[in-house]
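The values are calculated or read from the model by the stated rules, or taken from the named source; none is laboratory data. Everything numeric in this text was worked out from a predicted model, so none of it was measured. For accessibility, only protein heavy atoms count, side chains too; no ligands or nucleic acids. Shrake-Rupley method; radii C 1.70, N 1.55, O 1.52, S 1.80 Å.
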Amino acid sequence: MAEETMPSPLRQKPVYRFAPSPNGLLHLGHALSAFLNHDMARDNGGRFLLRIEDIDQTRCTPELERAIYDDLGWLGLDWEKPARRQSEHFEEYRVALDRLIEAGLAYPAFLSRGETKAIVRTFEAEGGLWPRDPDGAPLYPAIDRERPRVERDALLVSGRPHAWRLDMEKAIHAIGSPLFWQESGDGETGQIEALPALWGDVVLSRSDAPSSYHLSVVVDDALQGITHVVRGMDLYHATAIHRLLQHLLDLPQPAYHHHRLILGADGRKLSKSEGSTGLSALRSEGAAPSDIRRLVGLL
Ligand code: GLU
């Protein structure tokens with residue numbers, strides 16, 4: 001039966017979420033995301049949730065989290081309280097990580113950022129072209145994936161700090177058939193083929209953070225019953241990783257809507273340090289919420 005014709009008790013209420021990280025002040029790009037999620041929830045009889053993505057405890061602060069609540073409240077957006085805070089759910093991400101480790105799809109990665117950079121630099125200085133992910137970051141070297149088991153175990157026992165990374169090739173092999181996602185955003189729409197291989201062995205947890213963005217986002221979207229993920233185009237390609245993890249962890253797949261980005265005067269994506277487009281700066285200059293809607297092209 002088509003979704004539109006289902007009797008209402010059987011129809012799942014759509015669930016949307018806005019998921020900012022409190023590692024900087026919200027800017028116009030966040031406002032567009034928050035407005036779209038809020039408005040779509042309202043127009044489709046759905047729920048609007050807020051998730052605070054604060055797994056990176058070195059960069060996220062309580063002040064910035066408070067600023068998120070203030071800014072969203074000022075914009076007139078009403079989310080279900082309380083917001084889910086990722087820092088309160090590390091155990092749930094751990095369970096998901098353990099499952100991937102037990103399935104033999106994750107391996108401990110011992111290289112520091114500096115060591116990884118040095119390997120890439122040396123390779124490129126010799127004229128090689130190191131493969132990069134869709135965001136332009138070098139793929140993680142194969143060295144830890146290919147490490148003999150005894151050596152890997154000895155390093156683990158010695159307490160050497162490590163991340164956990166997904167063995168991308170094995171994970172794709174375990175699934176065996178192509179993956180797709182349903183897209184309705186501002187770029188290509190319809191069934192989009194997910195190409196997770198482009199990202200190499202993505203990080204699942206770090207030595208200083210018990211979960212990565214990719215792992216926690218899929219776990220949370222499932223636990224919160226998110227049916228529609230509405231977020232910026234900068235996360236379009238990362239959706240391939242999310243679809244892969246959802247499949248590996250038997251999690252439901254939401255529909256996706258990646259919206260246009262708000263660009264700065266220099267034509268680049270806004271950054272959190274960009275004061276002039278910060279919502280609190282605009283507010284203190286006398287802007288009203290309707291001005292913000294206009295600035296992001298919604299009025
Ligand atoms: N926390 C991410 C950010 O602030 C958004 C994650 C998502 O919407 O999936 O960019």
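Considering only protein heavy atoms and a 1.4 Å probe, what is the carbon-and-sulfur percentage of the accessible area of segment 144-267?
The value for segment 144-267 is 55 percent carbon and sulfur by accessible area.
For segment 218-258, rounded, prolate or oblate, judged on the Cα gyration tensor with a ≥ b ≥ c (square roots of eigenvalues), a/c < 1.5 rounded, else prolate if a/b > b/c?
oblate
Remind me, relative contact order of the chain in percent, using alpha carbon pairs under 8 angstrom and six or more residues apart?
Reported relative contact order: 24 percent.
Short version: what are the Cα gyration tensor semi-axes of segment 57-98, square root of 5 times each eigenvalue, largest first, in whole Å?
Taking √(5λ) for each eigenvalue gives 26, 14, 6 Å, largest first.
Give me D for the chain in µm² s⁻¹, whole number, from Stokes-Einstein with Rh from the Kirkwood sum over alpha-carbon pairs, 20 °C and 1.002 mPa s.
So the translational diffusion coefficient is about 103 µm²/s.
What does the helix-only formula give at 222 nm for the chain: each DSSP H stretch with n ≥ 4 adding -39500 (n - 2.57), the total divided by the residues, and the result rounded to the nearest 500 deg cm²/dmol?
-10500 deg cm²/dmol
What's the tally of Lys pairs in the chain whose alpha-carbon atoms lie under 29 angstrom apart, where the two lysines are 8 or more places apart or on different chains?
5
Tell me whether segment 27-127 comes out rounded, prolate or oblate; compute the Cα gyration tensor, take square roots of the eigenvalues as a ≥ b ≥ c, and use a/c under 1.5 as the rounded threshold.
Here segment 27-127 falls in the prolate category.
Would you mind getting the accessible area per residue of the chain, heavy atoms of the protein chains only, 1.4 Å probe, in Å²?
Result: 51 Å² per residue.
Of all the C-alpha pairs in segment 5-85, what % are more than 18 Å from each other?
43 percent
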